[in-house]
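J.: Right, I'll just put the structure down here and ask away after.
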Amino acid sequence: MKDTPLSNCERDFLLKAIEEKKRLDGRQTYDYRKIKISFGTDYGCCFVDLGQTRVMAQVSCELVAPKESRPNEGIMFFNIELSPMASPGFEQGRQSELSVKLNRQLERCLRNSKCIDTESLCVVSGEKVWQIRVDVHTLNNDGNLMDAASIAAITALCHFRRPDVSTQGQEVTVVSQQQHSRWCLIHLFSADLLSTCSTYLLVDPCEREERVMDGLLVIAMNKHREICSIQSSGGIMLLKEQVMRCSKIAGVKVSEITELISEALLNDRKARKAGGKCGFAESMQQDRITALKKDETPVEMTDVTETANGIIQKGEAAPQTVPSPVLPVPGVGQVGQGLQNSWGLEEDDEDDYEEEKNDNNVVEISDSEEEDVVILNPEVPEKPK
Amino acid sequence: MDVSCERVGEVLLPGDEFSFEAEENISLTVPVKSEKVVCGPGLRRCGDRLVVCKSGVLRHKEPNVFWIDSQQRRYVPAKGESIIGIVTAKSGDVFKVDFGGSEQASLSYLAFEGATKRNRPNVQMGDLVFAQFLIANKDMEPELVCIDSSGRANGMGVFGTGGLLFRVSLGLVRRLLAPQSNIRSDLEHLFPCELVVGMNGRIWVKSASVQQTLIIANLLQSAETMTAQQRQQLFRKVQQGAF
């Protein structure tokens with residue numbers, strides 16, 4: 001199926017709104033949408049919600065023979081599936097350009113950052129190593145699949161437990177699935193997604209904004225503020241200071257998102273230890289009235305307040321109508337009509353008495369730059385439900 | 001008939017049926033009036049029974065119209081409904097218009113007011129059109145026109161410079177277009193704005209500034225899941241600017 005085409009009026013409106021630094025859902029230009037992380041019943045299954053964008057990552061492992069060139073290292077395999085569930089434009093089975101791009105980006109981010117120590121995956125050198133496979137499925141596309149996919153992949157890898165093995169000579173037995181050992185995860189990172197619409201930079205575009213963007217800059221950074229990879233696509237020209245600004249923003253976001261991930265993992269571990277029910281089916285509250293609750297959208301209302309104040313001020317300050325003084329005969333002034341005294345004011349009337357317009361009916365919406373930004377929903381780190 | 005009247009306002013599921021039972025005592029002197037029942041969307045006739053085919057609330061309008069008020073987002077074209085479409089292609093004498101259905105509809109360039117073979121309408125790709133369905137059934141390609149039966153535009157045609165188009169559910173659209181619509185009257189007290197509502201779930205809104213347009217769009221999208229009281233509270237809050 002084809003995607004709904006983008007109409008001209010939407011494109012114009014979005015560009016105009018971006019010029020005025022306004023986004024469709026009331027965010028600031030460098031704000032992320034609400035991120036929610038929840039885990040499935042198995043170890044290594046994780047769901048990430050980035051606003052309305054939803055992805056699921058699943059990690060699995062298998063014992064295989066290693067590559068000849070690297071007998072001591074395990075194998076990592078990444079895969080992003082763009083399912084038609086996510087968007088009508090995605091086709092099942094076909095490798096579209098977007099899917100190739102996302103796959104390569106994710107692979108490059110996760111491999112280059114060396115977040116998994118591949119040598120620790122080796123069981124018997126030259127014969128048996130672990131092959132770790134990360135599958136990311138997109139469930140809903142509302143823009144910025146790259147970020148959601150990378151957060152999901154990393155969180156799933158952190159959550160995953162690899163079974164222990166014992167070796168006896170040449171035999172390798174997998175002991176049991178219950179005895180797990182933790183990964184030694186060295187780095188966590190965040191891919192920062194920015195889009196440039198002519199000269200404006202936006203972080204975390206939603207689907208509409210993605211359609212009007214000119215180009216994309218993706219920065220993958222770990223929590224030690226080392227850049228793992230940068231990719232710029234779309235052929236946009238970026239100034240040096242723009243790239244620097246983007247990397248600074250990425251640094252800030254990395255720490256926020258890393259904190260979120262660690263908290264989510266901690267909560268999940270506590271829940272499992274306490275023996276409570278955990279998993280995707282449990283995280284969806286079916287029987288409560290708040291099951292389909294929508295979160296509050298922070299829409300900026302500061303402009304409206306200024307408008308209201310502006311109207312009030314103008315209302316008070318507008319001078320009252322001064323009708324022109326009636327001078328039936330030179331030398332005779334007619335008092336009592338209007339508010340101005342017209343006695344002996346013959347000489348002045350030509351220049352001073354201007355008809356002042358009553359502009360109470362015309363409401364001008366002020367575009368003043370002095371926005372004091374009100375943060376309506378403070379960002380609270382999410383707990384998995 | 002009596003059975004159905006009792007169930008007005010109830011939630012019904014597909015498969016529920018009403019039957020009209022013959023009265024036990026038929027008077028021989030009083031002429032028996034044959035009662036006609038008009039079935040609206042969601043109801044279907046099977047023999048002499050009325051069967052529900054969509055889940056929703058049963059509604060009744062005097063004297064004899066029944067229909068099911070259901071909630072969905074996917075639009076199925078019906079003849080006579082006016083929708084907002086996006087022009088996707090110009091091929092020969094027709095425009096191809098996307099309205100959110102399974103197929104694209106065709107809109108002839110002669111179906112505009114004052115259009116002749118020489119005087120073509122000024123329609124570009126990506127433009128928004130407000131049109132109504134001339135042909136809309138499951139066997140043929142849907143066809144749109146921008147004039148009514150007397151040849152006048154009557155508000156239809158190309159529009160949409162400077163506003164925002166967004167999608168809502170079909171239920172909200174019907175609520176907005178109802179004759180005495182609470183949502184519309186609440187909105188009137190808010191900001192002056194221009195609103196075009198298409199029955200395919202698309203709404204176009206334009207207001208004095210970008211900020212106000214965004215506010216109205218967000219309000220309408222969130223008004224879907226609110227009760228009337230919550231909605232009025234929200235609108236009041238926005239009016240005071242104290243959000």
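The values are calculated or read from the model by the stated rules, or taken from the named source; none is laboratory data. In this text the structure is predicted, and so the values were computed from the model without any measurement. Cβ atoms come from the backbone with ideal geometry, glycine included; neighbour counts cover every protein chain shown.
J.: Has the stretch B:185-205 got at least one residue that is basic (Lys, Arg), outside the structural domain of B:Gly101 (by the TED database) and assigned to a helix (DSSP H, G or I)?
T.: For the stretch B:185-205, residues basic (Lys, Arg), outside the structural domain of B:Gly101 (by the TED database) and assigned to a helix (DSSP H, G or I): absent.
J.: Taking the condition of being in a loop (DSSP other than H, G, I, E, B), within 7 Å of chain B (Cβ to nearest Cβ) and crowded, with 18+ Cβ neighbours inside 10 Å, how many residues in the stretch A:6-23 meet it?
T.: Qualifying residue count, the stretch A:6-23: 2.
J.: Here's a follow-up. Taking only the stretch A:99-125 into account, find how many residues are more than 24 Å from A:Glu226 (Cα to Cα) and crowded, with 16+ Cβ neighbours inside 10 Å.
T.: Filtering the stretch A:99-125 for residues more than 24 Å from A:Glu226 (Cα to Cα) gives A:99-100, A:121-125.
Filter once more, keeping what is crowded, with 16+ Cβ neighbours inside 10 Å: A:99, A:121-124.
Of the residues in that region, 5 qualify.
J.: Any idea which of (1) free of Cβ contacts under 8 Å to residues at least 60 places away in the same chain; (2) more than 11 Å from chain A (Cβ to nearest Cβ); (3) among the aliphatic types (A, V, I, L, M) is the one B:Ala89 doesn't satisfy?
T.: (2)
J.: Would you check which residues across the stretch A:230-261 are of a type in the set (Gly, Ala, Ser) and under 19 Å from the mean Cα position of the chain (by Cα) and list them? Write out each step before concluding.
T.: Start the filter on the stretch A:230-261 by keeping residues that are of a type in the set (Gly, Ala, Ser), which leaves A:232-235, A:247, A:250-251, A:255.
Answer for the stretch A:230-261, where residues must be of a type in the set (Gly, Ala, Ser) and under 19 Å from the mean Cα position of the chain (by Cα): A:Ser232, A:Ser233, A:Ser247, A:Ala250, A:Gly251, A:Ser255.
J.: Regarding the stretch B:181-197, can at least one residue be identified that is modelled with pLDDT of 90 or more, away from chain A (no Cβ under 13 Å) and within 15 Å of the chain's Cα centre (by Cα)?
T.: Checked the stretch B:181-197: at least one residue is modelled with pLDDT of 90 or more, away from chain A (no Cβ under 13 Å) and within 15 Å of the chain's Cα centre (by Cα).
J.: Using beta carbons and a limit of 7 Å, which pairs, at least six apart or on different chains, have the first residue in the stretch B:118-130 and without any contact (Cβ under 8 Å) to a residue 24 or more places away in the chain and the second one surrounded by 17 or more Cβ atoms within 10 Å (Cβ to Cβ) and aromatic (Phe, Trp, Tyr)?
T.: Between residues of the stretch B:118-130 that are without any contact (Cβ under 8 Å) to a residue 24 or more places away in the chain and residues that are surrounded by 17 or more Cβ atoms within 10 Å (Cβ to Cβ) and aromatic (Phe, Trp, Tyr), the close pairs are B:Arg120/B:Tyr109.
J.: If I ask for residues that are surrounded by 15 or more Cβ atoms within 10 Å (Cβ to Cβ) and either within 15 Å of B:Glu35 (Cα to Cα) or not aliphatic (A, V, I, L, M) (or both), which ones from the stretch B:54-68 would you list? Before the answer, list the steps.
T.: Within the stretch B:54-68, the subset surrounded by 15 or more Cβ atoms within 10 Å (Cβ to Cβ) is B:54-58, B:60, B:66-68.
Those that are surrounded by 15 or more Cβ atoms within 10 Å (Cβ to Cβ) and either within 15 Å of B:Glu35 (Cα to Cα) or not aliphatic (A, V, I, L, M) (or both): B:Lys54, B:Ser55, B:Gly56, B:His60, B:Phe66, B:Trp67.
J.: Do we find that B:Leu220 is more than 9 Å from chain A (Cβ to nearest Cβ) and either modelled with pLDDT of 85 or more or part of a loop (DSSP other than H, G, I, E, B) (or both) in this structure?
T.: Numbers: more than 9 Å from chain A (Cβ to nearest Cβ): yes; either modelled with pLDDT of 85 or more or part of a loop (DSSP other than H, G, I, E, B) (or both): yes.
For B:Leu220, the condition - more than 9 Å from chain A (Cβ to nearest Cβ) and either modelled with pLDDT of 85 or more or part of a loop (DSSP other than H, G, I, E, B) (or both) - is met.
J.: Out of the residues in the stretch B:42-97 that are part of a strand (DSSP E or B) and among the small types (Gly, Ala, Ser), state the one that is farthest from the chain's Cα centre (by Cα).
T.: Out of the qualifying residues, it is B:Ser91.
J.: Also: Based on this model, can you work out whether B:Gly155 counts as at pLDDT below 85, over 27 Å from B:Gln233 (Cβ atoms) and either exposed (fewer than 13 other Cβ atoms within 10 Å of the Cβ) or basic (Lys, Arg) (or both)?
T.: Values: at pLDDT below 85: no; over 27 Å from B:Gln233 (Cβ atoms): yes; either exposed (fewer than 13 other Cβ atoms within 10 Å of the Cβ) or basic (Lys, Arg) (or both): yes.
No, not satisfied.
J.: Ok, one more. Just wondering, is there one or more residues in the stretch B:200-207 that are buried (at least 18 other Cβ atoms within 10 Å of the Cβ), at the interface with chain A (Cβ under 8 Å from one of its Cβ atoms) and at pLDDT 85 or above? Quick ask: steps written out before the conclusion?
T.: First, pick out the residues of the stretch B:200-207 that are buried (at least 18 other Cβ atoms within 10 Å of the Cβ): B:200-207.
Applying the additional criterion that residues be at the interface with chain A (Cβ under 8 Å from one of its Cβ atoms) yields B:204.
Those left that are additionally at pLDDT 85 or above: B:204.
Yes, some residue in the stretch B:200-207 is buried (at least 18 other Cβ atoms within 10 Å of the Cβ), at the interface with chain A (Cβ under 8 Å from one of its Cβ atoms) and at pLDDT 85 or above.
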